[in-house]
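The values are calculated or read from the model by the stated rules, or taken from the named source; none is laboratory data. Remember, predicted model here, so these are calculated numbers, not experimental data. With ideal geometry, Cβ positions are generated from the backbone for all residues, glycine too; neighbour counts draw on all protein chains shown. What goes into the accessible areas is simple: the full protein's heavy atoms, side chains included, and nothing from ligands, DNA or RNA. Shrake-Rupley method; radii C 1.70, N 1.55, O 1.52, S 1.80 Å.
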Amino acid sequence: EAGVVQSPRYKIIEKKQPVAFWCNPISGHNTLYWYLQNLGQGPELLIRYENEEAVDDSQLPKDRFSAERLKGVDSTLKIQPAELGDSAVYLCASSRGLAGAKQFFGPGTRLTVL
Amino acid sequence: DQQVKQNSPSLSVQEGRISILNCDYTNSMFDYFLWYKKYPAEGPTFLISISSIKDKNEDGRFTVFLNKSAKHLSLHIVPSQPGDSAVYFCAASENAGANSKLTFGKGITLSVRP
């Protein structure tokens, strides 16, 4: 079974530029999560999707962050414009139905904003 | 306010000995607890979990103990192996099923010395 796929693995951009991250969850997993992990911290939830619906986006900074999961499978997280403080690892995770707490993580995208 | 606390940032243990990783939580609504293991440049991987109706769960060399009254859990690794060297995250949720939201601690870096 293929795991959660994320791309790119690394991204370096200048501040004020846009950036997008892509995630393909494990096949059959209807729930998809985007997490932010700062250095020395645990992952923090940004947004959770149930199929194509964003059911928890309370921690997503909506002035500059957006996300979509149009067909209920893969998802894109976008930052526009990026700020220096956005430098972090962005993790995508997925889970299946009633076992929602057991989440499977992708390798993450390490973003560096210069 | 950190609802899940891993107060020791690092632990060093001799190969073959026991590793004990501790975690405390403050939210009495947490009902399900998980440990994740993370190697550098990889996403966290699920290790073991425990429901609040239990006080112990064992899987091979890994055992998680839960003390609800003290709001404390611990992960025991016996015997420790060099391949166990990684960052370990404690996570908690108010339920194990759908609509689960994981709250992570900051992680503990375990080093197992050969």
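Points worth noting:
- Qualifying residue in the stretch A:6-25 (condition: closer than 23 Å to B:Lys38 by Cβ, free of Cβ contacts under 8 Å to residues at least 12 places away in the same chain and surrounded by fewer than 19 Cβ atoms within 10 Å (Cβ to Cβ)): no
- Test: residue in the stretch B:16-35 that is among the acidic types (Asp, Glu) and within 12 Å of another protein chain (Cβ to nearest Cβ): yes
- Single residue of the stretch A:80-99 satisfying the filter (facing another protein chain (nearest Cβ under 10 Å) and in contact with a Lys or Arg (Cβ under 9 Å, 6 or more places away or on another chain)) that is surrounded by the fewest Cβ atoms within 10 Å (Cβ to Cβ): A:Arg96
- Residues of the stretch B:65-95 classified as within 14 Å of chain A (Cβ to nearest Cβ) and surrounded by 19 or more Cβ atoms within 10 Å (Cβ to Cβ), total: 8
- Of the numbered criteria (1) more than 9 Å from chain B (Cβ to nearest Cβ); (2) under 20 Å from A:Leu39 (Cα atoms); (3) surrounded by fewer than 20 Cβ atoms within 10 Å (Cβ to Cβ), the one A:Gly72 fails is (2).
- Looking across the stretch A:43-56, just one residue is on the phi < 0 side of the Ramachandran plot, part of a loop (DSSP other than H, G, I, E, B) and either open to solvent by 30 Å² or more (accessible area, probe 1.4 Å) or at pLDDT below 95 (or both), and that is A:Glu52.
- Taken together, A:Leu39, A:Leu77, A:Leu60 contain a single residue that is within 28 Å of B:Gln6 (Cβ to Cβ), in a strand (DSSP E or B) and either open to solvent by 50 Å² or more (accessible area, probe 1.4 Å) or among the hydrophobic types (A, V, I, L, M, F, W, C) (or both), which is A:Leu77.
- Whenever a residue of the stretch B:1-22 is open to solvent by 60 Å² or more (accessible area, probe 1.4 Å), its partners that are among the acidic types (Asp, Glu), lying with C-beta atoms within less than 6 angstrom and at least six residues away or across chains, give the pairs B:Lys5/B:Asp24.
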